[in-house]
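Asks: Handing you a structure now.
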Amino acid sequence: MNKVELLAPAGNMECLETAFGFGADAVYIAGKSFGLRAFADNFSNEDIENALQYAHSIDKKIYITANAVVYNDEIDQLEKYICFLADVGVDGVIISDPSVVEIAKRNNLRVPLHLSTQVNTTNRLSAAFWYRSGVKRIVLSREVSLADIKEIGSTKPDGLELEAFVHGAMCIAHSGRCLMSSVLTGRSGNRGECAQPCRWEYHIHEKGYDGDFFPINEDERGTYLLNSKDLMMIEYIPELIGAGLRSLKIEGRMKSVYYVASVVNAYRKAIDAYCANPAGYGQDRALIEELEKSATRQFCTGFYLGRPGDETQDTDRITKMRKYTFAAKVLAEAEDGYVQVEQRNKFSIGDVLEVLSPSVSGVQFIINEIMGDDGPQQSAPHAQQHVTINCPVGLRKGDLLRRNDE
């Protein structure tokens, strides 16, 4: 069985370190230009070099997104940036514009090129074309099925790798190539500035009957005609690997440390369990529950199992609301029944905290003591305050604690 890569998002250095700590083999990040998440923290050139040094020291990989739409007056800037990425030794550059292929060729760059899902590669002939053009890996269109992937995988050139999104938010547009935000707000999603108008509240009515709204699924928050459910494929790890995917990708460079930790942790455990014992593998319901704890929308399987119908649209917003709140991040290894943490949301004596850690699963405990710089406290109300709390389990730096709000 070929080793499959777990690829996680990282909008900043904290998310990058968390992704690696919870088991990601690689992360994808963006610089300050040409990525598709303009409102994430993103990485300066110096940040990229530091991140690469850290990742390579622990045998991990970093891919840089440079898949925004590019205009004539940006070509020189793009060329300098791609040359910089090649010089510092990034493990891959995710692209959508053929100009990057041209830049790589004329500068004789050895940087691996990964073709973004934005390019909509949906068939074996397109895959072979891009490989001949110089692309090493293709991030397949979100609209391909498992059967499509298997056919592409069985006919692709030996040196071509296939990657696909398996978890996270989905656009209503074809593989994310949407014009709604650009038309409605002047912020182009294809330039990394999407205002997410597909998530807005809408009402529809027939012309001439302006006061009569159609009775469609609606709650007190409004109607969400365009709002897609999130993708979740953790129940299909054997099928994804069997179809020939080299990399399983999680969406979410705008997401929090808590989201990254939760999702990476669940997929890491599922992948490892399958690879250790393919014949005896069985889905662990606890991993699905773990993903639900970090969710804000319902889940679906996208196009993987065939052309979806209405079941992929989150029109009624009846998803279970999160029952857990990210409370604290562990700053140092627990000792003698206590652990130092950094507050992320208010917690108080008497609250029940649950551990989120690669090495500890499902452990909960009640906070009996909170010690700050000035002594005992009843709560930790201040953002990123450092406090020491009682802790009955051995935790390590980077583990997370969430408050059980049930």
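Asks: Among 149-157, 375-383, what's the highest-first ranking by average C-beta atoms within 10 angstrom per residue?
Replies: With the highest mean Cβ count within 10 Å placed first, the list reads 149-157, 375-383.
Asks: Residue separation times 0.36 nm, minus the C-alpha to C-alpha distance between residue 56 and residue 277: what's the value?
Replies: 76.7 nm
Asks: Further question: What's the local net charge at residue 366, with K and R +1, D and E -1, over the other residues with C-beta under 15 Å away?
Replies: -3
Asks: Could you work out how far apart the two model spin labels at residue 364 and residue 14 are, taking each label as a point 7 Å from the Cα in the direction of the beta carbon, and quote it in nm?
Replies: Result: 2.6 nm between the two label points.
Asks: Please work out how much length the chain gains when fully extended from residue 108 to residue 374, using 0.36 nm per residue of separation minus the C-alpha to C-alpha distance, in nm with one decimal.
Replies: 89.8 nm
Asks: Also: Go through 122-131, 277-286 and give me the packing order, highest mean Cβ count within 10 Å leading.
Replies: Highest-to-lowest ranking by the protection proxy: 122-131, 277-286.
Asks: Whose amide H sits under 5 Å from the amide H of residue 298, counting only residues 5 or more places off or on another chain, with H placed in the peptide plane?
Replies: Under 5 Å from the amide H of residue 298: 230, 319.
Read-outs: derived from the displayed coordinates by stated rules, not from any lab. Only a predicted model underlies this, so the values are computations on that prediction, with no experimental measurement involved. All Cβ positions, even for glycine, are placed from backbone atoms using ideal geometry, and neighbour counts span all protein chains on display.
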